[in-house]
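J.: Just passing along the structure, written as structure tokens.
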Amino acid sequence: MARRGENIRKRKDGRWEGRYYTQESQSSRSTVHSVYAKTYGEVKEKLSAAKLSAKSVSEKYDNSKEIYFHKAAEEWLALINREKKYATYMKYYTIYEKYIRKEVGEVLLSELTSEKLSGIFQREEQGNLSGSIQNSISCVLKQILDYAVCHRYLAAIPYFRPRRRTSTRPAEVLNASEQTRLLHYLYKEMDIYKLGIVICISTGLRLGEICSLKWKDIDLEEKFLYVNTTVQRIAMDGRATKTTLLEGEPKSIFSKREVPLSDEINHLLCNYYTGSDEYVINGNSPMEPRTYQMKFQKYLEYAGVKKTNFHTLRHTFATNCVNGGVDIKSLSEILGHSDVKITLNRYVHPTAEVKRMHMNTISAIYGQFMGQQC
């Protein structure tokens with residue numbers, strides 16, 4: 001039964017519920033909100049606090065004419081800095097400063113329009129940016145606007161983002177001949193740095209993951225490798241000239257994973273394990289990714305293989321797995337993807353030889369229908 005004048009009632013599940021209303025200043029529409037607690041006293045306190053908070057936010061909204069876009073953006077960035085990884089914060093900060101702030105940063109929220117927001121994507125120089133960068137701009141802009149709407153700084157404003165034709169070009173992989181030349185070079189006079197490249201093409205590890213790989217994350221007896229960290233060089237304090245090597249958790253919860261090791265890779269790792277080093281590749285400190293990328297480029301040159309980026313090793317591993325008959329679910333978990341669709345769309349690139357093999361299989365079936373041998 002509701003307590004008269006308080007909008008508090010006891011629910012059938014035993015909890016107490018308190019209700020209060022807020023009104024949107026621009027639409028004059030009322031919205032009901034609820035708070036819950038185990039006792040009447042607790043829910044009464046929560047309800048009072050919620051009403052006070054709603055009143056404070058409403059007063060803040062009433063002063064929105066004095067709030068500039070950059071103020072809401074700075075508040076949102078401060079929230080990201082508290083709740084997300086520092087690398088994520090710096091990525092969002094850089095996108096905002098480089099592509100958004102100069103367009104709408106000094107615009108009052110009360111004067112923000114769909115045309116001004118759409119203009120962010122219509123500048124000639126930004127129209128030539130890659131689809132990935134434009135997606136990042138759109139992501140940051142949407143989150144800032146959502147934050148402003150959530151905190152009642154402004155009502156939702158639709159805006160137009162031009163659609164870009166996405167490239168369907170498959171990611172680069174090393175062909176069979178290139179893999180043969182590279183592996184022959186790596187196995188010849190192998191050292192720990194060359195072994196790191198062999199590990200990547202054999203497990204699909206990312207550059208940052210191999211650079212931060214520790215011996216404690218490798219179980220040589222059970223033949224498992226555990227991805228728990230990654231390392232990357234990022235800007236500090238928003239200054240591109242001042243960077244630091246930051247070690248932290250992988251890019252997502254799915255990137256923290258266990259990877260079974262082949263007998264060959266496990267044997268090679270056993271040969272290099274001393275028990276005195278913390279990191280597999282660089283002794284007692286993580287490997288600098290840029291340095292390791294340059295080493296990889298030198299290895300390609302010495303092996304007579306065309307220049308390509310480090311991530312090609314990951315693409316090549318995934319393609320070899322598909323061509324070898326590995327099921328997509330297993331491959332997706334080994335690569336650390338949240339969805340098999342990512343594996344299929346981004347990393348699976350069947351070779352012409354495999355496609356021809358499938359076509360010959362179909363031809364053999366038709367041959368059987370005709371009573372012929374193929």
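J.: Quote the convex hull volume per residue of the stretch 204-275, based on C-alpha atoms, as a whole number of Å³.
T.: 111 Å³
J.: Can you send over the solvent-accessible area of residue 217, 1.4 Å probe, protein chains only, in Å² to the nearest 10?
T.: About 10 Å², rounded to the nearest 10.
J.: From largest to smallest, what semi-axes in whole angstrom does the stretch 223-362 give when each is the square root of 5 times an eigenvalue of its alpha carbon gyration tensor?
T.: One finds semi-axes of 30, 20, 18 Å for the stretch 223-362.
J.: Something else now. Sort 322, 259 by accessible area with a 1.4 Å probe, largest first.
T.: 322, 259
J.: Further question: Express in nm, to one decimal, how much length is gained between residue 359 and residue 11 on full extension, taking 0.36 nm for each residue of separation and deducting their alpha carbon distance.
T.: 118.8 nm
The values are calculated or read from the model by the stated rules, or taken from the named source; none is laboratory data. Keep in mind the model is a prediction, meaning the values are calculated, not measured. Accessible surface areas use protein heavy atoms only, side chains included; no ligands, DNA or RNA. Shrake-Rupley method; radii C 1.70, N 1.55, O 1.52, S 1.80 Å.
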